[in-house]
Protein chains: 2
Amino acid sequence: MDERRSRADRARQIADLLRGEIMHGRFRTGRLPLESALAREYGTSRNTVRQALDLLREEGLIDRCPRVGTTVAAEKYPHGLHRLLGLAETLHEHGEVTNKVRTMGLIEPPPAVGHRLGLPPGEPVVYLERLRSLNGLPLSLDLTYLVRDVGEPLFDADLERNDVFVLLEEIAGRPLGTAELTLEAVNADAHTAAVLDVPRGAALLMVERLTHLSDGRPVDLEFIRFRGDRLTMRGHLRRDSEEEHPCP
Amino acid sequence: MDERRSRADRARQIADLLRGEIMHGRFRTGRLPLESALAREYGTSRNTVRQALDLLREEGLIDRCPRVGTTVAAEKYPHGLHRLLGLAETLHEHGEVTNKVRTMGLIEPPPAVGHRLGLPPGEPVVYLERLRSLNGLPLSLDLTYLVRDVGEPLFDADLERNDVFVLLEEIAGRPLGTAELTLEAVNADAHTAAVLDVPRGAALLMVERLTHLSDGRPVDLEFIRFRGDRLTMRGHLRRDSEEEHPCP
């Protein structure tokens, strides 16, 4: 590596590579090599390695203790981005998703909601707010608006242990089709931070998602805040788009 | 809206809807309605609207000034997530992307890089670090590792004004194929914050992306930090995945 660059630049470069290795499961034992071994491996100084590890500690990805060394602090779970999936569906290999319903009710939605869901003015929708956890640890806060005919039967469903997606398909008697989604990184405000049990300002992965049934009808508008230290989105892209080469 | 819930919960709910409306271009004039009008529209109190607007101001999305009112502070640009695209390609409607090359050179990569790029140990790669801007404002910091045969010709290319993707296709004489990507939300460390001109701790959208040529060979491994206040990722997902119903 180029030693003429600032140490901060070199530390960031090494932190990114280590972050990738942690996420791709290189350190199955949960323990990272010694600083001296990492310095040799990355062709840099111990000081630069130490600074790289400091960056990853600030992100909450690793812990560093005298005598114990450097250990992986928290697993980051991959949410599939290759297919429209509910949280329990996409994380089923990683443990149990449970949902705490914070509020649920029939509301007259603001025009912004009715418009996105294709509803006439004044048509009520079901509003649902859930704190979702994996293996008991908070993972996301989900705000959900559902059209009335598929949303109302959810009042009698087991929302604690089921994805809304799976329940919607049962209720509608047809599969979901497509969803449009927008992904952002935002800082947690004080109240959201308290709900998700993160420091104020922690980076969150924010998802706005409008989901349609297979017949094209929009039924489910969601605003999801994932803890940035617990979740990644993983998928693949193609250079030749589906739009340009549609499947028959 | 349910007035029995805490004001913070209601404010978050309204902030999300307003954020969506800002991103979807409702306020083309750059000016938001008065608090009283928003309170009527969202069926809530002025105090709750004020708290929702405070959340969006903290995110840097709006400005609030006495007498002037509430205005959209910064445009967020949508990066296409439906197709593998370079930055200038995906943002061409929004302005000019320019790139400042911070460093570029042939390096012996750490094993983590060589392994991802499918290279034998000791095989050099081209390392490229760029600060990318849209209309002169910093948008992302990109750390890029390229296999030597397609990377070395970039030393003579105009990297200031071109996407690497487009240049790679010219050099390789074939299109890119697919890319695997991982998306995360992270807080900016002090040095990265200075480079991207954001406050320390600002939420960044972090992308790790491994891109292959159309023949399947991995050629380009990137670590990209997008400013969370400037960029969103926008795409769509299908419930029936391509994997399960492959196109012939």
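The values are calculated or read from the model by the stated rules, or taken from the named source; none is laboratory data. Source: prediction; values computed, not measured. Glycine gets a Cβ as well: all are built from the backbone with ideal geometry, and neighbour counts include every protein chain shown.
Select from segment A:1-55 the residues that are among the basic types (Lys, Arg), under 19 Å from B:ILE224 (Cβ atoms) and not in a helix (DSSP H, G or I) and list them in ascending order. Hit for segment A:1-55 is A:ARG5, nothing else.
Across segment B:161-174, a minimum of one residue is classified as among the polar types (S, T, N, Q) and over 22 Å from B:ILE107 (Cα atoms). Do we find a residue being more than 8 Å from chain B (Cβ to nearest Cβ), more than 22 Å from A:SER133 (Cα to Cα) and in a loop (DSSP other than H, G, I, E, B) anywhere in segment A:189-207? Scanning segment A:189-207 turns up no residue that is more than 8 Å from chain B (Cβ to nearest Cβ), more than 22 Å from A:SER133 (Cα to Cα) and in a loop (DSSP other than H, G, I, E, B).
Taking the stated definitions as given, is B:LEU210 in contact (Cβ under 8 Å) with a residue 60 or more places away in the chain and at the interface with chain A (Cβ under 9 Å from one of its Cβ atoms)?
Details: in contact (Cβ under 8 Å) with a residue 60 or more places away in the chain: yes; at the interface with chain A (Cβ under 9 Å from one of its Cβ atoms): no.
No, not satisfied.
Residues are listed down the side, and each one gets a yes or a no for (1) over 24 Å from B:ALA203 (Cα atoms); (2) in contact with a Leu (Cβ under 6 Å, 6 or more places away or on another chain); (3) modelled with pLDDT of 95 or more:
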| residue | (1), (2), (3) |
| --- | --- |
| B:GLY105 | yes, no, yes |
| B:ALA112 | yes, yes, no |
| B:PRO121 | yes, no, no |
| B:VAL126 | yes, yes, yes |
| B:SER133 | no, yes, yes |
| B:PRO138 | no, yes, yes |
| B:LEU141 | no, yes, yes |
| B:VAL147 | yes, yes, yes |
| B:VAL150 | yes, yes, yes |
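For segment A:75-112, filtering for residues that are farther than 30 Å from A:THR29 by Cα, surrounded by fewer than 19 Cβ atoms within 10 Å (Cβ to Cβ) and either out of contact with any Lys or Arg (no Cβ under 9 Å at 6 or more places or on another chain) or within 12 Å of chain B (Cβ to nearest Cβ) (or both) leaves 9.
Against the condition of a type in the set (Val, Ile, Thr) and within 25 Å of A:ALA190 (Cβ to Cβ), how does A:THR144 come out, does it pass? In short, yes. Being away from every other protein chain (no Cβ under 12 Å) and aliphatic (A, V, I, L, M), is that true of even one residue in segment A:21-32? Yes, segment A:21-32 contains a residue that is away from every other protein chain (no Cβ under 12 Å) and aliphatic (A, V, I, L, M). The sole residue among B:ARG234, B:ARG239 that is closer than 23 Å to A:ALA185 by Cβ, within 7 Å of chain A (Cβ to nearest Cβ) and modelled with pLDDT under 95 is B:ARG234.
Take segment B:170-188 and flag every residue that is of a type in the set (A, V, I, L, M, F, W, C), outside any helix (DSSP H, G or I) and either in contact (Cβ under 8 Å) with a residue 40 or more places away in the chain or at the interface with another protein chain (Cβ under 7 Å from one of its Cβ atoms) (or both). So that I can check it myself, show each step before the final result.
In the first step, residues of segment B:170-188 are kept if they are of a type in the set (A, V, I, L, M, F, W, C); the result is B:171-172, B:176, B:179, B:181, B:183, B:185-186, B:188.
Among the residues that remain, those that are also outside any helix (DSSP H, G or I) are: B:176, B:179, B:181, B:183, B:185-186, B:188.
B:LEU176, B:ALA179, B:LEU181, B:LEU183, B:ALA185, B:VAL186, listed by residue number.
Could you tell me how many of the residues in segment B:56-89 are part of a loop (DSSP other than H, G, I, E, B) and in contact with a helix residue (DSSP H, G or I) (Cβ under 7 Å, 6 or more places away or on another chain)? So the answer is 3.
Number of residues in segment A:33-44 that are touching an Asp or Glu at 6+ places or on another chain (Cβ under 9 Å) and touching a residue at least 40 places away in the same chain (Cβ under 8 Å) equals 2. The number of residues in segment A:114-159 being out of contact with any Gly (no Cβ under 9 Å at 6 or more places or on another chain), within 11 Å of another protein chain (Cβ to nearest Cβ) and not in a strand (DSSP E or B) comes to 1. With respect to (1) in a strand (DSSP E or B); (2) among the charged types (D, E, K, R); (3) free of Cβ contacts under 8 Å to residues at least 40 places away in the same chain, the lone exception for B:LYS100 is condition (3). Across segment B:33-47, the number of residues qualifying as surrounded by fewer than 17 Cβ atoms within 10 Å (Cβ to Cβ) and within 13 Å of chain A (Cβ to nearest Cβ) comes to 5. Of all the numbered requirements in (1) within 30 Å of B:GLU169 (Cα to Cα); (2) free of Cβ contacts under 8 Å to residues at least 40 places away in the same chain; (3) assigned to a helix (DSSP H, G or I), B:GLY105 misses one, and that requirement is (3). Do we find that B:HIS92 is assigned by TED's automatic domain parsing to the domain that holds B:LEU183, within 24 Å of B:THR211 (Cα to Cα), free of Cβ contacts under 8 Å to residues at least 40 places away in the same chain and assigned to a loop (DSSP other than H, G, I, E, B) in this structure? Yes; evaluated as a whole, the condition is true for this residue.
On the given criteria, is B:ARG209 touching a strand residue (DSSP E or B) at 6+ places or on another chain (Cβ under 7 Å), in the same structural domain as B:GLY228 (by TED's automatic domain parsing) and among the basic types (Lys, Arg)?
Values: touching a strand residue (DSSP E or B) at 6+ places or on another chain (Cβ under 7 Å): yes; in the same structural domain as B:GLY228 (by TED's automatic domain parsing): yes; among the basic types (Lys, Arg): yes.
In short, yes.
What number of residues in segment B:213-231 are more than 9 Å from every other protein chain (Cβ to nearest Cβ) and outside any strand (DSSP E or B)? Of the residues in that region, 4 qualify.
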